[in-house]
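Worksheet: the structure to be examined is printed underneath.
Quick note: the coordinates plus some simple rules give every number you see, no bench work behind them. No experiment lies behind these values; they were computed from the predicted model shown. Note: ideal-geometry Cβ built from the backbone for every residue, glycine included; neighbour counts use all protein chains shown.
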Amino acid sequence: MRPCVRSAAKTTEKQRRQIIRKFAFRDDPDAPQVRINERIRLSPVRLIGSDGEHVGVVPVDEALRMARNAGLDLVEVATTTRPIVCKIMDYGRFRFEQEKKAREAKKQQHQVDIKEVKYRPNINIHDFETKTNKARKFLEQGKHVKVTIMFRMREMRRPENGFELLRRVAEALQDVAKLERMPDRLEGRDLTMLMRPLKK
C-alpha cells in the first residue's frame, strides 16, 4: 500500500503554519488588532482572493470556507465600509513579514552615538593623556568621538596651538580611529575634529 503523500504534505504545511503563527501572534501592543477567521461576525463581506482578485460580496461563512479550502486565513482588512472588506491570506506569514520590515526600518533609523571630549590648547601632559584615554575607550566601544579644542579670548591669538593639539590627538588614536573631519579654521572659539572607530 502506497503512503499517502498528499496527506503527509498537508501535515507538514499545517505544522509550518502553526510555527509561523506561534511567533506571529505574540502579544504586541503596537500591532493592529484585526479580526480573522471565526472572529469575523458581520455578514456578508466584500471578498478579495489570495491573488488580489476581487471575488465579490459573499456570506462570511462562504468566505471562510474558501479560505479554509485554500489552507489560508480570512482577514478583515477594512471595517469602515459596508460590507466590510476581507482578504484571503496567510496571516501568520503576513504578520511575520510585517514585523521583519519593522525591525529593518528600526535598524536604518539607528542614530550614531557621538561622545565629546574637550581639551584646552595649553593642556598639560597628564590631562592630555587622561582625556585621550577617555576618547580611546569611547572609540573601542564603537562610538564616534568629537574632539573639541576650547579657546579663551587671549588664546585665540595662537590658533596653531589648537591645530597642533588636534594632530597629537589624531596620532595617539590612529590605531583605533579614522579621521572623519578636520577643521580648517576656528568655529567661534572652538576647533572641532570628528573621529569614527575603525571597523573590526
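Can you tell me the FRET efficiency between A78 and V112 if r is taken as the Cβ-Cβ distance and R0 is 45 Å, rounded to the nearest 0.05? E between A78 and V112, to the nearest 0.05, is 0.65. In this calculation the C-beta distance from R103 to K199 is compared with R0 = 22 Å, giving a FRET efficiency of 0.45. If you take every residue apart from T81 with its C-beta less than 14 Å away from the C-beta of T81, what net charge results, scoring Lys and Arg +1 and Asp and Glu -1? Neighbour charge sum, excluding T81 itself: +2. Around T130, what is the net charge, scoring Lys/Arg as +1 and Asp/Glu as -1 over all other residues with Cβ under 13 Å from its Cβ? Around T130, the charge tally is +4. Annotation: the residues K199, K106, sorted from fewest to most other C-beta atoms within 10 Å of their own C-beta, follow the order K199, K106.
A simple count of charges around H144, restricted to other residues whose Cβ falls under 11 Å of its Cβ and scoring Lys, Arg +1 and Asp, Glu -1, yields +3. The stretch between R168 and L186 holds 4.7 nm of extra length on full extension. This uses 0.36 nm per residue minus the Cα-Cα distance. Pairs over the 29 Å Cα-Cα cut-off, from the set K106/K199; K100/K137; K107/K146; K118/K199: K100/K137. Of the residues R154, R95, the one with the fewest other Cβ atoms within 10 Å heads the list, and the complete ranking is R154, R95. Residues whose amide H comes within less than 5 Å of that of S43, counting only those at least five positions distant or on another chain, are absent (H built at 1.01 Å from N in the peptide plane).
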